[in-house]
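The structure appears below as structure tokens.
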Amino acid sequence: MNGRFVRLAEQSRPTVQLKVDGMPIEALQGDTLMVALLTQGSALRQSEFDPGRRAGFCLMGACQDCWVWTRSGERLRACSNEVREGLDIVTTQPEAIWPLRG
Amino acid sequence: MATARLSTHRVVVVGAGPAGTRCAETLVAAGFKPILIDENRRDGGQIYRRQPEGFTRDYATLYGTEASKAGDLHQSFDRLRGQIDYRPDTLVWNLTPGQLCCVSQGKHSTVDYDALILCTGATDRLMPIEGWQYAGTYSLGGAQIALKSQAVSIGHRVVFMGSGPLLYLVASQYVKAGAKVAAVLDTSPLSKRIGALPKLLARPGLLFTGMKLLAQLYRAKIPVHLGISPLQVLGDAASGVSGVRVRTARGETLTVECDAVALGYHLRPETQLADLAGCRMRFDEASSQWWLAVDEDGRTSVSGVYAAGDGSKIRGADAAEHAGRLVAMALLEDLQQPVNVGLRDEQRHALAVMDKFRLGLAQSFPWPSAQAKALPDQAIVCRCEMITAGELRRTVSEKGACEVNRAKAFSRVGMGRCQGRYCSQAGAEVIAAAAGVSVQQVGRQRGQAPVKPLSMLTEEVSP
């Protein structure tokens, strides 16, 4: 499947380059991570409780169904974080990192 | 004396939507400098959400019939910026008497208050349907945010399903923006709307706007079905939504192909912070859900804690602006400050009219509680942790859990990462039906801190 989301307007914004699971993708400045990922793919992450793929639900930071991670393990809500040049996103949950372990 | 009090009295407003903005504005006019904390990066709340920097659509395109109200609110906020202590991108995740716990960009801090005004808004009210966990099912409000804030459609062929005025508003916004709308499927029958006309006529302009939206959909040849019963979102775990199946008012099975569903049944209030503050709640019979118990002007049952907007009573954005002004005046009055009585009466009068209208809306687009009873056992109630209606029913039949918090402890429905926002009301209906009691009797899910998940990497900042 190509993108799940369809762009309808505002397409002349400058582009931003980022990586998703190691692959370079191009997004537009002002895109949320969710829009950057779902205009080019059909899902954001794997459900932890069943074989289902998930693509977010509420888009207002309430459902927590759109979590993705940076390469360094920081968890981001894809609906409420904008793309930044050079972001390195992973869509599978990394090992739990305890802050005290350094 | 009065001046000294003003400068030392710490007033915190939570939420920068229509209620929070008008509240802050009224406080500033009275000489206060409130702290305004908002979870969003920009003001406007959900309804008047601003598009990101660099987007160029004008107000008419973005907000349609509500363009001038959105513009007024944003301009009012811009004028306030230097006169308030505005803290965007900040989540209030817990509170104790006199102190809020906040987190912003991974940093935790506390904010002390003497008076707290909660303008926390609402989220979509959801009733599950078999298959709603498939990727491509979005909340109706979410579908609107995609368009308004990001200029995207949630899919190539979108079905709008549920009930309430937002269903028609968002569907028509999608059509206008050039998205492909496959169908609008409303669970409420036309007869309800006709029965509610006397109440809806309290706001003839708004009623007319609603009729215009419907006319636009018909003109665009969008299939609109009233009085449907949702049966299933079709699709599979790997690729997501491929269609919806419903029973029409005439009893026929209708299947509509689509790759996205926008689902919603009007709104539910975000009451967690008020709940943590110990504010009393009350069951609203008309909408069949728990609201915050507030007096006419927005005082909660806890001294020093106030509330306005959809976070206390679901009455919509226009009402939220009036309630925001009114709640600020309630605080002023409680602090023995002068209050513009004429302005206060205007707000009260406007709200009385809107109350009548909202009863008409509740009657026109009823919450479909019977659907919960009819949910097949294999249908998912909790999307977060994939817990079925059957599992929830067994907590009632096998463990005797006839109260929602007890059923939550046994089943985990309401314990997932959305913290019950999208499942607990339907869950309560499932429990009530299984126990053979009213939904009011099974109670409501208690608010828990943190009101949203915090990152393990959150750092404490010393004050």
Flag for B:Ala274 being crowded, with 24+ Cβ neighbours inside 10 Å, closer than 23 Å to B:Gln419 by Cβ and modelled with pLDDT of 95 or more: yes
Pick from segment B:78-103, criterion free of Cβ contacts under 8 Å to residues at least 60 places away in the same chain and among the β-branched types (Val, Ile, Thr), ranking: nearest to B:Ala16 (Cα to Cα): B:Thr90
Of all residues in segment B:408-448 being on the phi > 0 side of the Ramachandran plot and surrounded by 23 or more Cβ atoms within 10 Å (Cβ to Cβ), the one that is nearest to the chain's Cα centre (by Cα): B:Gly420
Scope segment B:22-58; condition hydrophobic (A, V, I, L, M, F, W, C), within 14 Å of chain A (Cβ to nearest Cβ) and touching a helix residue (DSSP H, G or I) at 6+ places or on another chain (Cβ under 7 Å); matching residues: B:Ile47
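It is to be established whether one or more residues within segment A:53-68 are within 11 Å of chain B (Cβ to nearest Cβ), over 23 Å from B:Pro453 (Cα atoms) and surrounded by 14 or more Cβ atoms within 10 Å (Cβ to Cβ).
Among the residues of segment A:53-68, not one is within 11 Å of chain B (Cβ to nearest Cβ), over 23 Å from B:Pro453 (Cα atoms) and surrounded by 14 or more Cβ atoms within 10 Å (Cβ to Cβ), which makes the answer no.
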Any hit, segment A:71-94, residues being modelled with pLDDT under 95 and facing chain B (nearest Cβ under 7 Å): yes
Matching option when the condition is under 20 Å from B:Gly243 (Cα atoms) and assigned by the TED database to the domain that holds B:Arg250, among B:Ala196, B:Ala202, B:Ala183, B:Ala177: B:Ala183
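Only one of B:Ala323, B:Ala319 is assigned to a helix (DSSP H, G or I), surrounded by 17 or more Cβ atoms within 10 Å (Cβ to Cβ) and free of Cβ contacts under 8 Å to residues at least 40 places away in the same chain. Can you tell me which?
Of the residues listed, the single one that is assigned to a helix (DSSP H, G or I), surrounded by 17 or more Cβ atoms within 10 Å (Cβ to Cβ) and free of Cβ contacts under 8 Å to residues at least 40 places away in the same chain is B:Ala319.
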Subset tally (residues that are of a type in the set (A, V, I, L, M, F, W, C) and surrounded by 14 or more Cβ atoms within 10 Å (Cβ to Cβ)) for segment B:333-342: 2
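Residues are listed down the side, and each one gets a yes or a no for (1) over 17 Å from B:Glu257 (Cα atoms); (2) in contact with a Phe, Trp or Tyr (Cβ under 8 Å, 6 or more places away or on another chain); (3) more than 10 Å from chain A (Cβ to nearest Cβ):
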site	(1), (2), (3)
B:Gly136	no, no, no
B:Gln144	yes, no, no
B:Val170	yes, yes, yes
B:Leu190	yes, no, yes
B:Leu197	yes, no, yes
Selection count, segment B:449-463, where residues are within 14 Å of chain A (Cβ to nearest Cβ) and touching a residue at least 60 places away in the same chain (Cβ under 8 Å): 9
Odd one out for A:Leu37 among (1) facing another protein chain (nearest Cβ under 10 Å); (2) under 13 Å from the mean Cα position of the chain (by Cα): (1)
Pair list, Cβ under 6 Å, 6 or more apart: segment B:372-400 residue free of Cβ contacts under 8 Å to residues at least 24 places away in the same chain, other residue surrounded by fewer than 13 Cβ atoms within 10 Å (Cβ to Cβ): B:Thr388/B:Gln378; B:Gly390/B:Asp377
In segment B:32-58, the residues that are modelled with pLDDT of 95 or more and farther than 24 Å from B:Val451 by Cβ: B:Phe32, B:Lys33, B:Phe55, B:Thr56, B:Arg57, B:Asp58
Candidate set: segment A:15-34, residues that are more than 12 Å from A:Val83 (Cβ to Cβ) and in a strand (DSSP E or B); chosen: the one nearest to the other protein chains (Cβ to nearest Cβ): A:Met23
Filtered residues of segment B:168-191 (kept if farther than 25 Å from A:Thr39 by Cβ, of a type in the set (A, V, I, L, M) and modelled with pLDDT of 95 or more): B:Leu185
A:Arg4 vs. criteria part of a loop (DSSP other than H, G, I, E, B), modelled with pLDDT of 95 or more, out of contact with any helix residue (DSSP H, G or I) (no Cβ under 8 Å at 6 or more places or on another chain) and not small (Gly, Ala, Ser): no
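For (1) within 30 Å of B:Ser188 (Cα to Cα); (2) buried (at least 20 other Cβ atoms within 10 Å of the Cβ); (3) away from every other protein chain (no Cβ under 12 Å), each residue gets a yes or a no:
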{"residue": "B:Gln75", "(1), (2), (3)": "no, no, yes"}
{"residue": "B:Arg79", "(1), (2), (3)": "no, no, yes"}
{"residue": "B:Ile84", "(1), (2), (3)": "no, yes, yes"}
{"residue": "B:Leu100", "(1), (2), (3)": "no, yes, yes"}
{"residue": "B:Tyr113", "(1), (2), (3)": "no, yes, yes"}
{"residue": "B:Cys119", "(1), (2), (3)": "yes, yes, yes"}
{"residue": "B:Ala122", "(1), (2), (3)": "yes, yes, no"}
{"residue": "B:Leu140", "(1), (2), (3)": "yes, yes, no"}
{"residue": "B:Ser153", "(1), (2), (3)": "yes, yes, no"}
Residues that are out of contact with any helix residue (DSSP H, G or I) (no Cβ under 7 Å at 6 or more places or on another chain), within 14 Å of chain A (Cβ to nearest Cβ) and surrounded by 23 or more Cβ atoms within 10 Å (Cβ to Cβ), drawn from segment B:236-264: B:Gly240, B:Val241, B:Cys258, B:Asp259, B:Ala260, B:Val261
Index of the failed condition, A:Phe57 passing every other in (1) more than 21 Å from B:Ser242 (Cβ to Cβ); (2) at pLDDT 95 or above: (1)
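The values are calculated or read from the model by the stated rules, or taken from the named source; none is laboratory data. Here the structure is a predicted model, which means the values were calculated and not measured. Using ideal geometry, Cβ is built from the backbone for each residue, glycine included, and neighbour counts are taken over all protein chains shown.
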